[in-house]
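Report on the structure given below.
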Amino acid sequence: MQKTRVLTGITTSGTPHLGNYVGAIKPAIEASQDPNVQSYYFLADLHSLIKCQDPKRVQESRLEIAATWLALGLDTDNAIFYRQSDIPEIPELTWMLSCVCAKGLMNRAHAYKAAVADNESAGQQDLDKGVTMGLFGYPVLMAADILMFNANKVPVGRDQIQHIEMARDMAGRFNHLYKGQYFTLPEAVVDGRVQVLGGLDGRKMSKSYNNTIPLFVSEKKLLKLVRKIKTNSLEPGEPKNPESCTLFQIYSAFATQEEGADMRRRYLEGIGWGEAKDALFDYLNMHLREPRERYLALMEDPGHIEAVLQKGAERARAEAAPFMDRLRHVVGLGRFI
């Protein structure tokens, strides 16, 4: 039986936080252990250059994110784990897809439209001010990431569904022009069960809002951040609504059903905010202690991480190189003999 191919990219432009873990890392790591699935996980470091031109930050983020996934148990024997920039066939495929992709399709991309709208609202005469070709062509690179390995399913947030549709459009156009089924049309997978965690200020936990709790901060820093989480003015003894509380939401994302039910009861009985914050800190600290130790050890051993990624790149290129060679022949760029 042919395995289902599932592909996930992780943009290397920041430090992984609790929201990343609950929304993307945890379900992906569980999927990496499924023997019926061929998983591809990659550090989307070429993508990171669109938003971040700080080489030190990009380099740090690549190491932090790789160490995070390994510390949390990514099965690199089953899954293929690699850096995007280690696969030179991906930029080459990006160019081929660019040559069949309509500019009008890129004009409709959400990120580009948002940049144009921002310029328009700011009264800029040049509506493309600050828009790089990296930002404009981002969906083509994403399509190349997906189509290079003919992924069947791509887990994404709702805001990324459009990019999967664009990848399908480019794949279909290429197949039609060159009269063959070279690319599988990928499907977006949106898991409605995946939670979006609130941050320190109650808004969605996001680097953009500077309201995150990094996964592997020290115990002292973790306690400080948990105590900063915004709550209301209800006093101890007054019943509290767990559904509208960031503390409870984060706790229940990590806890078992029984533990979540017990905490819900304590909310209805009027748990004090200080007690609730201490309970959340204790639970998170216990849950993250062992992976934090593994993470810190990995960060001190970048050679091990490099070896894992090089092994993953070899496996990825074992597929990408012959496929790209075939595509060169298809478009007329093959060798003469």
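The values are calculated or read from the model by the stated rules, or taken from the named source; none is laboratory data. Values in this document were obtained by computation on a predicted structure and should not be read as measured data. As a convention, Cβ positions derive from the backbone with ideal geometry for all residues, glycine included, and neighbour counts pool all protein chains shown. Quick note on the areas: whole protein, heavy atoms, side chains included, nothing else; ligands and nucleic acids left out. Shrake-Rupley method; radii C 1.70, N 1.55, O 1.52, S 1.80 Å.
Report the semi-axes of the equivalent ellipsoid for the range 83-223 in whole Å, largest first, where each axis is √(5λ) for an eigenvalue λ of the Cα gyration tensor.
For the range 83-223, the semi-axes come out at 31, 23, 14 Å.
Ignoring ligands, DNA and RNA, what percent of the 1.4 Å accessible area of the range 1-83 is carbon and sulfur?
Here carbon and sulfur together make up 50 percent of the probe-accessible area.
Run the accessible area of the range 101-213 with a 1.4 Å probe and give the carbon-and-sulfur part as a rounded percent.
Heavy-atom surface of the range 101-213 belonging to carbon and sulfur, 1.4 Å probe: 49 percent.
Does the range 121-162 come out rounded, prolate or oblate, given a ≥ b ≥ c as the square roots of the eigenvalues of its C-alpha gyration tensor, rounded meaning a/c under 1.5 and, failing that, prolate meaning a/b above b/c? Kindly include the intermediate steps, with their values, before the conclusion.
Details: a/c = 5.98, a/b = 2.23, b/c = 2.68.
Here the range 121-162 falls in the oblate category.
Give the accessible surface of the range 240-322 per residue, rounded to a whole number of Å², with probe radius 1.4 Å and ligands, DNA and RNA excluded.
Per-residue accessible area for the range 240-322 comes out at 52 Å².
Between the DSSP loop rule and a limit of at most 14 other Cβ atoms within 10 Å, which GluC sites (Glu not before Pro) in the range 209-271 are left? Don't jump to the answer; show the numbers that get you there.
Details: sites: 219, 243, 258, 259, 269; in loops: 269.
The qualifying sites are 269.
Based on the Cα coordinates of the range 262-337, what is the per residue volume of their convex hull in Å³?
Hull volume normalised by residue count: 201 Å³.
Let's see if you can work this out: charge +1 on each Lys and Arg Cβ, -1 on each Asp and Glu Cβ, no other charges. What is the dipole magnitude of the range 59-100 about its Cα centre, in debye to the nearest 20? Walk me through the numbers on the way to the answer.
Numbers: 2 positive and 7 negative charges, 20 e Å.
Here the range 59-100 has a charge dipole of around 100 debye.
Would you list, by chain and number, the aspartates and glutamates whose Cα falls below 15 Å from the Cα of residue 153, excluding same-chain residues fewer than 8 positions away?
By straight Cα distance, residue 153 reaches 34, 145, 165, 187, 191.
Using a Cα-Cα cut-off of under 26 Å, which lysines could be cross-linked to residue 207, ignoring same-chain neighbours fewer than 8 residues away?
Filter leaves 26, 51, 56, 113, 129, 220, 221, 224, 228, 230, 277.
Helix 110-121 sits at what angle to the longest principal axis of the chain, using alpha carbons and giving 0 to 90 degrees rounded to 10?
The angle comes out at about 70 degrees.
Shape verdict for the range 252-292, please, from the Cα gyration tensor: rounded (a/c under 1.5), prolate (a/b greater than b/c) or oblate. Before the final figure, lay out the partial values.
Details: a/c = 4.08, a/b = 1.57, b/c = 2.60.
Note, shape of the range 252-292 comes out oblate.
What whole-number volume per residue, in cubic angstrom, does the convex hull of the C-alpha atoms of the range 55-121 give?
Output value, Cα hull per residue: 173 Å³.
May I ask you to work out the translational diffusion coefficient for the range 12-165 at 10 °C, viscosity 1.306 mPa s, via Stokes-Einstein with Rh from the Kirkwood sum over Cα pairs, reported in whole µm²/s? List each step's numbers first, then the result.
Values: Rh = 17.1 Å.
Value of D from the Cα-based Kirkwood radius: 93 µm²/s.
Modelling each spin label as a point 7 Å along the Cα-to-Cβ direction, I'd like the residue 321/residue 259 distance in nm, to one decimal.
Spacing of the two 7 Å Cα→Cβ label points: 4.6 nm.
Which GluC sites (Glu not before Pro) in the range 291-328 sit in a loop by DSSP (not H, G, I, E or B) and have at most 10 other Cβ atoms within 10 Å of their own Cβ?
Those satisfying the criteria are 300.
Tell me the angle of helix 133-148 to the major Cα principal axis of the chain, expressed in degrees between 0 and 90 and rounded to the nearest ten.
Helix 133-148 sits roughly 80 degrees off the main axis of the chain.
Note the angle between two axes, namely the Cα long axis of helix 161-177 and the longest principal axis of the Cα atoms of the chain, as a number of degrees from 0 to 90, rounded to the nearest 10.
Once rounded, the angle reads 10 degrees.
So who's got an amide H within less than 5 Å of the one on residue 4, skipping anything under 5 residues away but keeping other chains? H placed 1.01 Å off N, in plane.
38
Using the heavy atoms of the protein chains and a 1.4 angstrom probe, tell me the accessible area per residue for the range 29-75 in square angstrom.
42
All other residues with a Cβ under 14 Å from the Cβ of residue 203 taken together, and with Lys, Arg as +1 and Asp, Glu as -1, what is their net charge?
Numbers: positive: 204, 207, 228, 230; negative: 201.
Result for the local shell: +3.
Using every Cα-Cα pair within the chain, state what percent have a distance larger than 27 Å.
Value for the chain (Cα pairs over 27 Å): 52 percent.
When N counts the residues of the range 205-271, how does its alpha-carbon radius of gyration compare numerically with 2.2 N^0.38 Å, as a ratio?
The range 205-271 yields a ratio of 1.21.
Quick one: putting +1 on the C-beta of Lys and Arg, -1 on the C-beta of Asp and Glu, what dipole do you get for the range 1-71 around its Cα centre, in Debye to the nearest 20? Working shown, then result.
On the way: 7 positive and 6 negative charges, 24 e Å.
With Lys and Arg at +1 and Asp and Glu at -1, about 120 debye.
Per DSSP helix of 4 or more residues, -39500 (n - 2.57); summed, then divided by the residues of the chain. What does that give at 222 nm, rounded to the nearest 500?
So the calculated ellipticity at 222 nm is -17000 deg cm²/dmol.
R0 = 30 Å: FRET efficiency of residue 63 with residue 118, Cβ-based, nearest 0.05?
0.40
Rg and Dmax of the range 9-56 over Cα atoms: what are they, in angstrom?
Expressed in Å, the Cα Rg and Dmax of the range 9-56 come to 12.9, 40.
Just the number, please: carbon plus sulfur as a percent of the accessible area of the range 215-321, 1.4 Å probe, no ligands or DNA/RNA counted.
Values: 3050 of 5960 Å².
Looking at the range 215-321 in its full context, I get 51 percent from C and S.
If you count the DSSP beta bridges with both ends in the chain, what percent of them are antiparallel, to the nearest 5?
Antiparallel: roughly 10 percent of the beta bridges in the chain.
Quick check: net charge around residue 87, other residues with Cβ under 12 Å of its Cβ, Lys/Arg +1 and Asp/Glu -1?
Values: positive: 83, 315, 317; negative: 45, 86, 89, 92, 145, 314, 319.
For residues surrounding residue 87, the net value is -4.
Treat every Asp and Glu Cβ in the chain as -1 and every Lys and Arg Cβ as +1, leave all other atoms uncharged, and give the resulting dipole magnitude about the Cα centre to the nearest 20 debye.
640
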